[in-house]
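The values are calculated or read from the model by the stated rules, or taken from the named source; none is laboratory data. Everything quoted here is computed from the prediction, not taken from an experiment. Heads up, the Cβs are rebuilt from the backbone with ideal geometry, glycines too, and the neighbour counts pull from every protein chain shown. Calculation scope for accessible area: heavy atoms of the full protein, side chains included, ligands and nucleic acids excluded. Shrake-Rupley method; radii C 1.70, N 1.55, O 1.52, S 1.80 Å.
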Amino acid sequence: MGHVRVFLRSILLATTAIGLSGEPMVAQDGTPWIVLGSDASASFTTNLSTLDNGSGRMSSGLRTTQTINGRTVALLDPVLEGLLQRTIHTAHHRCGGYTVHPTQEAAEAEAQNPNYEPGAVDRLAMFPSSIDQQAAVRPALDRVKGENIVATIQKLQSFGTRYYQSESGQNAALELKGLWESYANGRPDFLVKLHTHDWRQNSVVASIRGTELPDEIVVIGGHLDSINTANVDAAPGADDDASGVGAVSETLRVILVSGFRPKRTLQFIAYAAEEVGLRGSNDIARTYREQGLRVIAALQLDMTGYAGSSEDMYFVTDYVSANLTTFLKDLIREYNGSGPHSISHGVTACGYACSDHGSWTRYGVPSAFPFEARFEDYNQSIHSPNDLLEQIDTTGERQAKFSKLGVEFMMELGKSRDPAP
């Protein structure tokens, strides 16, 4: 146990140093109330007890108030947030893994959120399930290029870190905005904007305005930020999640170059601050709800390039819409059953708040999350200086499968304004 204690103490020292530096790993308003999975809470409590060495001082840094349906409400000492992130990332392989709240009441409401009950979102919100865009989808699939995804990964990796409070994290947002704008080719129905938050990094949102139902929105996204709790300046984040953002980018490029004009508005989002509690996507989903915007479905691409398991992708089964996940499997059956665009798939689970799809579920929007492997076979290079392109598929062919599913998802739910020939 001695070596474990030394390891945990080294994590704590690194975390504390970060917490006291000019780049604090805490919410800017100092929010101490969090909700996390009860399994993550247990792991974190065990780590704190090990660090206590019998003093009880560390354990007082996390004060849990109640656990509801596997979700724990707790008051967290802000200086320990980096250690919490490391515990969740290491022990449970989740990216965000928790959510932050301004008051105890808000945290308790989140823990009791009825949208998390199995089938609840599917009872609240339905989406079109017909598959009838073959004339647009099939030629578009031939346009997906893995090398374009690789180029985007390399560009984002080159920032060194995309930590949500860093200058380079914001510069990455500006770089991505410029890349997406370069795809426009003068289309008047296309717009890229920055969504500002209460921290340094912006989210990036590209929209193709719908021709007939512009107030109905279909979303595909991935998270722009990266993290390394031992050293925030060494977080290249190639797989987590430049690979997801790269796949979203290629989906956008292909839809634009195909000349597809949707009836519904299509949005492509690179979320800020996912690694520190899904903050960017929560902010966007909440804002959309407050503005009365209707998102009919959201697809999350978080890590697409690592071949950790036997299938091409694995659909997450918890905190998602079962109906939307079934629809994605139907798309694969229609478009990817065999041939050059074939996709094999399985299922996995990832727990509470493991990525940005959870933010949409939180607000009653059907969401789905195809992942690159079973969660128990995750890429162990993530959240470290070794999360580099060389650790994943350097051809982009594996990542391209997620882009192809993204093209199918966006075209089939967006629907073309032009009838099929």
Checklist entry - Which value, in Å², gives the accessible area per residue of the chain when a 1.4 Å probe is used on the protein heavy atoms? => result 37
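What number, in percent, do you get for the relative contact order of the chain if the mean sequence gap of Cα pairs under 8 Å and at least 6 apart is divided by its residue count?
Numbers: 933 pairs, mean separation 87.2, N = 421.
The normalised contact order for the chain reaches 21 percent.
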Checklist entry - Just how large is the dipole of the chain about the Cα centre, in debye to the nearest 20, putting +1 at every Lys and Arg Cβ and -1 at every Asp and Glu Cβ? => result 460
Item to check | Crossing angle, helix 38-52 versus the chain [Cα axis fit, 0-90 degrees, rounded to tens] | outcome: 30
Checklist entry - Taking the Cα atoms only, what angle lies between the long axis of helix 81-92 and the longest principal axis of the chain, rounded to 10 degrees? => result 60
Next on the checklist: Please report the carbon-and-sulfur percent of the accessible area for the chain; probe 1.4 Å, protein heavy atoms only, DNA, RNA and ligands left out.
Outcome noted: 49
Next on the checklist: Checking the cross-link filter: which lysines have an alpha carbon closer than 28 Å to that of LYS193, excluding same-chain neighbours under 8 positions apart?
Outcome noted: LYS145, LYS155, LYS177, LYS263, LYS401, LYS404, LYS415
Item to check | Protection proxy ranking, peptides 279-285, 158-164, 186-192, average beta carbon neighbours within 10 Å, highest first | outcome: 279-285, 158-164, 186-192
Checklist entry - Is the shape of the range 241-314 best called rounded, prolate or oblate, per the rule: a/c under 1.5 gives rounded, else a/b larger than b/c gives prolate, else oblate, with a ≥ b ≥ c the square roots of the Cα gyration tensor eigenvalues? => result oblate
Next on the checklist: Please list, ordered by chain and number, the residues whose modelled amide H lies under 5 Å from the amide H of GLY346; skip anything fewer than 5 residues away on the same chain.
Outcome noted: MET313, TYR314, PHE315
Item to check | Surrounding net charge for TYR314, when Lys and Arg each add one and Asp and Glu each subtract one, Cβ distance under 11 Å | outcome: -4
Item to check | Orphan Cys of the chain, criterion: no other Cys C-beta under 4.7 Å | outcome: CYS95
Checklist entry - In degrees from 0 to 90, rounded to the nearest 10, what is the angle of the helix 397-414 Cα long axis to the longest principal axis of the chain? => result 60
Item to check | Per-residue HN-Hα couplings for the range 246-255 [Karplus 6.51, -1.76, 1.60; θ = phi - 60°; Hz; x = Gly/Pro] | outcome: x, 5, 4, 4, 5, 4, 4, 4, 5, 5
